[in-house]
Amino acid sequence: MIRLQNVNKDYGGRPALVNTNLNIGLGEFAFLVGPSGAGKSTLMRLLYREEVPSSGKVFIGGVDITRIHARQVPLLRRRLGIVFQDYKLLPRQTVFDNVAYILRALGVDQSSINRRVTSALCVVNLEDKAKAYPDELSGGEQQRVGIARAIVNGPPVLLADEPTGNLDPQTSLEIVQLLERISSRGTTVLISTHDQFIVNSLRRRVISLRNGEIVSDVDSGTYEMEVKVATP
Amino acid sequence: MRQLRILARVGMETILGMRKSGWSNWLVIGILAVALTIFGGVLQLTMTLKNVVNAWGSQLEISAYLKDGYDPKAIAREISQLPQVSLVEIVPKDVAWRDMQSSFRVAGVNNPLPNTLHVRLNSMQVVEKTANKLQKIKAVEHVRYPLKVARNINRLRHFLELAGIIVTGALTTATLIVIGNTIHLVIEARQREIEILSLMGVNPWYIKGPLVLQGAAYGLGASLLSLIILFGVNIYADSYVREQLLSFLPLLPNNMEYGLLPTFIILLLLGVAVGAGGSAWTSGRYIKV
Ligand SMILES: Nc1ncnc2c1ncn2[C@@H]1O[C@H](COP(=O)(O)OP(=O)(O)OP(=O)(O)O)[C@@H](O)[C@H]1O
Ligand SMILES: [Mg+2]
């Protein structure tokens, strides 16, 4: 479902991703881990075409998205659910309207909107907050709105770049378990994180990045943050 | 059906967006209305004056005095073949002489007057050229026409055309800048929202549509406002202007007035086009996918 082929990404000559190859199958669930600056967000941004690689190919569902026209990028993004560390909710719209936005923009009829938004809110267990505004919610609840919004259009792939970065450990675990539940229904899920607690709690596939290179990729892995030793 | 829902949605987003802009909507509409009113006023005035000048000019005529021994009818026919000539009037020497005698009572003299042709043109710009052309006809002794008046009329017409173009250009530019800045401010205020929508895969035209409509709404509102102002001014100024014109132009044509309706249509189209165009340009510039 997700495939990177010899991908390099430089920022002004400085490499952020080096000769990266990766393959994530349909319905798989994987963590992308690594220390700060390892290139996790860079890899994510390549997947939703916020960036294009300096060289190499990026496939989503068999389509090389480095070669699609700018006009097709919105279509690509609607086939991906994207979850952000800072939630990126529309502050002046209710929970319901946030989740419904993309469906309205696509001209979906009102009764389908009601049905699909309600069911998405049900998945994240927030039906009773439909009329609330984002600033009336806790961080965990806001992130659940973000997840409901990401899944409301039924995307085959869900990308989450540090979805728990701003949350406490208990809430983080709940969020990741929620994503795991969504994955179990057939959605391919990729989560970037440097939270070893949640990675080690779930024991799923772990892809480790360091200095822009994939240094390990194990099926039911763990993640130990290395303690930086100051070099003289 | 789906397209219709999207259209309705874009309209709704426009209204929601404009509601957020609050009083600044009225500021923009006010500024635009002033620009459009000046434009409309100048347009109205130049067009009316142009009509007056044209009517005035069409009363100018070239007098061609013919040599004896030529048939005035034949010459008149020849001259009326020229495309710029609208009317040739023959004044035979006998008639002219009789007229003269009736007022001066000169007797015992042979008729010294030539046959005369009064030539009217359909365009003032060619008076001099035509006069020169007539002069070259063998039967024509000499021609006479009010050279200074013809030149002044042409100069006035050119001036009016130039003034119209300059005013239109300046006000259109000013309008574009006002609309562009307003929409730019809206985009800046909504920067984060726009980024979110783009990441969600909302089509760019769905994001830009409401902004373009907002610009068009400004143009529409402003042109309607300026229409009301112009209509009011017209009621009061019309008779005054007519009086002023009559005082130095005794032979005022009846239909010299340039109707308000064309001006209204032009204002409406210009307002909406500039409004929508200005904001389309700005959104294209500042909203990237
Ligand atoms: N827009 C950019 N311009 C220039 N350099 C960038 C840009 N984005 C990222 N980088 C650089 O690329 C490298 C990888 O950054 P990236 O954001 O992918 O790391 P990360 O693994 O997501 O880190 P973190 O855990 O802190 O989010 C870093 O060295 C960073 O400075
Ligand atoms: Mg990052």
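The values are calculated or read from the model by the stated rules, or taken from the named source; none is laboratory data. These figures come from a predicted structure and were not determined experimentally. So basically every Cβ, Gly included, is an ideal-geometry build from the backbone, and we count neighbours across all protein chains shown. We work out accessible area using only protein heavy atoms, side chains counted, and drop any ligands, DNA or RNA first. Shrake-Rupley method; radii C 1.70, N 1.55, O 1.52, S 1.80 Å.
Observations on the model:
- With both residues required to sit in the protein assembly as shown, DSSP beta bridges show an antiparallel share near 65%.
- Working note: Karplus 6.51/-1.76/1.60 with θ = phi - 60° gives the range B:161-167 the couplings 4, 4, 4, x, 5, 5, 4 Hz, where Gly and Pro are set to x.
- Overall, the ratio between the Cα radius of gyration of the protein assembly as shown and 2.2 N^0.38 Å, rounded to two decimals, is 1.66.
- Charges were assigned to the Cβ only: +1 to each Lys and Arg, -1 to each Asp and Glu. The resulting dipole of the range A:146-232 about its Cα centre is roughly 260 debye.
- Using heavy atoms of the protein chains and a probe of 1.4 Å, the accessible area assigned to A:M44 is about 0 Å².
- Among A:G39, A:G146, A:G107, the largest mean-square fluctuation in a Gaussian network model of chain A (Cα springs under 10 Å) belongs to A:G107.
- Placing pseudo-labels 7 Å out from each Cα toward the beta carbon at A:N23 and B:H118 gives an inter-label distance of 10.1 nm.
- Charge dipole of the range A:1-54 (Cα centre as origin; +1 on each Lys and Arg Cβ, -1 on each Asp and Glu Cβ, all else neutral): 60 debye, rounded to the nearest 20.
- Accessible surface area normalised per residue over chain B is 56 Å², counting heavy atoms of protein chains with a 1.4 Å rolling probe.
- When the surface is traced with a 1.4 Å probe over the full set of protein chains, A:I113 keeps roughly 0 Å² accessible.
- Here the accessible area is traced with a 1.4 Å probe on the protein chains. For the range B:61-145, carbon and sulfur cover 50 percent of it.
- Against the criterion of solvent-accessible heavy-atom surface with a 1.4 angstrom probe, A:H69, B:H184 sort, most first, into A:H69, B:H184.
- Number of partner chain Cβ atoms within 10 Å, mean per residue of A:70-79: 4
- GNM on chain A, alpha-carbon springs under 10 angstrom: the most fluctuating residue among A:L106, A:L76, A:L17 is A:L106.
- Checking every one of the trypsin sites (Lys or Arg not before Pro) in the range A:32-115 against DSSP loop status and a limit of 14 other Cβ atoms within 10 Å picks out A:R67, A:R92.
- Where B:M1, B:M200 fall by accessible area, highest first, once all protein chains stay in place (1.4 Å): B:M1, B:M200
- Within chain A, helix-based [θ] at 222 nm, where runs of 4 or more DSSP H residues each add -39,500 (n - 2.57), nearest 500: -9500 deg cm²/dmol
- Between helix A:139-151 and chain A: long-axis angle, C-alpha atoms, 0 to 90°, nearest 10: 90
- Per residue value of the accessible surface for chain A (all protein chains in place, 1.4 Å probe), Å²: 45
- A:T187 - accessible surface, heavy atoms, 1.4 Å probe, Å² rounded to 10: 20
- Between helix B:93-104 and chain B: long-axis angle, C-alpha atoms, 0 to 90°, nearest 10: 80
- Label zone at A:Q196, where the point sits 7 Å out along the Cα-to-Cβ direction: the range A:156-175 residues whose backbone N lies under 20 Å: A:162-174
- What you get for the protein assembly as shown, charging only the Cβ of Lys and Arg (+1) and of Asp and Glu (-1), is a dipole of about 1300 debye around the Cα centre.
- Using a 1.4 angstrom probe on protein heavy atoms only, the contact between B and A buries about 2100 square angstrom of accessible area, both sides summed.
- Dipole-positive endmost among B:L82, B:P92, B:S63 within the range B:61-145 (Cβ charges, Cα centre): B:L82
- For the range A:81-126 and the range B:62-79, distance of Cα centres in Å: 89
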